[in-house]
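Structure first, commentary second.
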Amino acid sequence: MSFFTLLILLSLIVIVPIFFVMKEKSRQLQAASIQRHQEYLASANKLLENQSTTPNDDIADRLTTINFSSHHPFIKQLYNEQIPQAFRAIMDDIGQQYERTHHGQITESQLFTLNKLIETRIPELLSDYLSLDTNYAKTMIIDDDKAATSYTMVLEQLNSILDFSQKLNIQSQSGVVDKLLASRRYLDNVYKENGITTDSLKIK
């Protein structure tokens, strides 16, 4: 056996085990990150279901909303071309839902959760994804039950955050509608007490 052949064999003996060890470690880290995110999101959805939809003015005064800027982690990743376009499209929808939400009409806990998802969980999720080899992320099955790759898993989690933000937006719109209805009922009572009909108020 030549020295060159022996050198190749020795290299394979050393490199191959290292490759599989690194591959397994990467899979475990990704699975752990995904599990942490799913647990956080599950608790967030449970919190949303259990929260009352009645706004609290005292709480609303203490709410802190996200001030998006070019330096914000979410915005940086939104315009990061290394992140798949499908991910960034969902992020854009999440940002629009956030901007359209009447933050004073949701509870402090709900807003805190939504802020946490946007400011911390999404950046962490995408940073973990970017640390993977692109081909590995799109082709390697990491969840045999769902036949899911890292790519499809992240896509699913971003969609679940979008669904969560949409529910809060709808809830906040309902809070504003309740105020409008209350205002109309108040005026109707005022007119009734003063013997005024709505017909008499019409411009002629």
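The values are calculated or read from the model by the stated rules, or taken from the named source; none is laboratory data. The structure presented is a predicted model; accordingly, all values stated were derived computationally and were not measured. Virtual Cβ from ideal backbone geometry, glycine too; neighbours counted across all protein chains shown. Surface accessibility is based on the protein's heavy atoms, side chains included, excluding ligands, DNA and RNA. Shrake-Rupley method; radii C 1.70, N 1.55, O 1.52, S 1.80 Å.
Worth a mention:
- Residues satisfying the stated conditions in region 133-148, i.e. open to solvent by less than 20 Å² (accessible area, probe 1.4 Å) and either at pLDDT 95 or above or in a helix (DSSP H, G or I) (or both): Ala137
- Test result for Ser109, loosely packed, with under 15 Cβ neighbours inside 10 Å, in a helix (DSSP H, G or I) and in contact (Cβ under 8 Å) with a residue 60 or more places away in the chain: yes
- Thr65 vs. criteria closer than 30 Å to Asp178 by Cβ, of a type in the set (Ser, Thr, Tyr) and surrounded by 17 or more Cβ atoms within 10 Å (Cβ to Cβ): no
- Complete set of residues in region 81-96 that are in a helix (DSSP H, G or I) and open to solvent by less than 30 Å² (accessible area, probe 1.4 Å): Phe87, Ile90, Met91, Ile94, Gly95
- Among residues of region 117-132, those that are without any contact (Cβ under 8 Å) to a residue 60 or more places away in the chain, out of contact with any helix residue (DSSP H, G or I) (no Cβ under 7 Å at 6 or more places or on another chain) and outside any loop (DSSP other than H, G, I, E, B), counted: 3
- For region 153-180, filtered to residues that are among the β-branched types (Val, Ile, Thr) and open to solvent by 60 Å² or more (accessible area, probe 1.4 Å), the residue that is nearest to the chain's Cα centre (by Cα) is Ile170.
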